[in-house]
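Following: one structure in structure tokens, then a few remarks.
Taken together, the values in this text are just the output of simple stated rules run on the coordinates, not laboratory data. For clarity, every value in this text was computed on a predicted model and none was experimentally measured. Because the Cβ atoms are built from the backbone with ideal geometry, glycine has one as well, and the counts that use them run over all protein chains shown.
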């Protein structure tokens, strides 16, 4: 009997929910809505987790709480990178805010209109430089060091700003601006993101020791959390009402919670990045800023810092059905338009009832088409230039800020009578030179493409030409998490290299559009070359799911596009076809293909360009 009872108790313990503790970084508010909804809707319970959510108090050190096993999960800022560089055992599961809500707020009647005018003013910041790093970096980029401003202790009381006891204070875009507006007090903000210092915030983290001991619990907790956040932002009013009833320790009104939600939603969802995604290249740039400010001295292993399941294939995606509806509507309108064109051409041919008139019309049409093709070629290249200009602007911001911060670092040392030593000076100048070389190379790549001769025929290396296209589009592909796999050997052909590059560039851009429209979890683009004595076969295929049968035959037609009218001209693939068939003396075709890569079953469109070899 005793053995049976013990066995029963043991069996029941297997099915009991496992206790877990989450430590918040502030008091209860919509900032943590996803965790509340995952708990209240039973997402954690379904995963076998009994979660306790603890609000913040000033006696808590978040990293120490994890390190000392006082809590299992916690929420922190990008300053977790600094702690990791100091050897702390930190693993970031995901960043719920892709852009930090932390900013400076001041009264609009303060007479301060620029960052530079904050010199000598009273700015309430956190006593921890690590927590205010993005704001300090913004100030430093405009020549203001901590020696040139007053730093009274942060009271976290907005009344000090309203009553004039402080000139500016660190605050959240989702809280203090609404309080000021409700009281009829004008305000202005300086946001680090607008000055190139775009940090993550509300990073959910734990330790590698905890994950090693509880791998299944960690993964299910993270997935349930993402599910809770997705629900919270899809049901804002319902979520705000729940927080107002059960988690309203700050006595916020329901309207304040709803406005907070709308403000935070823009920080959580950023372009096409999945919910919670952590970009390692962006984390590297944040580390550089910390290093320039002197609050971090070492690099960290980002592969260990970022949770292994923080990846698009593990995250939740949402689909915008309004966009699907408009795309279908545009497709219908295009079909109607094409039908009208067919009818018009038929009537026109009937009107040309004599052979002489028909010949004359054909001659005129041929001349018109040639002129139109020249115009289309120019339009296509300008469209590509416009896309690259956007990428260049994105690429330049961070290097320029790094250069600015390093310059301020040298200037500040000189002003304080503590110039950099030889080793520090060499490090700073080396970094400035490296960033300047990057900017210079970007200009050269763009100028080379824009000024290229499209008339002359000369030998060129096909592998190098493919690499040029890959370099021009690398940031576009990276921003959409698309991996490029190139298998092209050195091979010399004699054609016009600029036209060849433009033909491939259009297919590259089409692949990005196809992948982002279908939103697959595996995102790849392959370029492969096969050749013999008779022909070269260049294959370019994506993992975007393929082209529908209805549009397959129209894919190379001018002005045909499956994208919204504001996002596509319908010229790219037509230009590619014209270049390959008329200028490069080859053929171009497209088909749907299914294939395997690294054990993954993929499906997408494959463009096959066949070219004659060099004689």
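Some observations on this one:
- The slack between residue 216 and residue 298, meaning 0.36 nm per residue of separation minus the straight C-alpha distance, is 26.4 nm.
- Here residue 251 and residue 18 are evaluated by their C-beta separation; at R0 = 30 Å the FRET efficiency comes out at 0.35.
- What separates the Cα centres of segment 285-305 and segment 122-185 is a distance of 24 Å.
- Two-site label geometry, residue 119 and residue 433: point separation in nm, points 7 Å out along Cα→Cβ: 3.1 nm
- Whole-angstrom gap from segment 481-560 to segment 205-239, using each part's C-alpha centre: 38 Å
- Label-to-label distance for residue 440 and residue 518 is 4.3 nm, based on points extended 7 Å past Cα in the beta-carbon direction.
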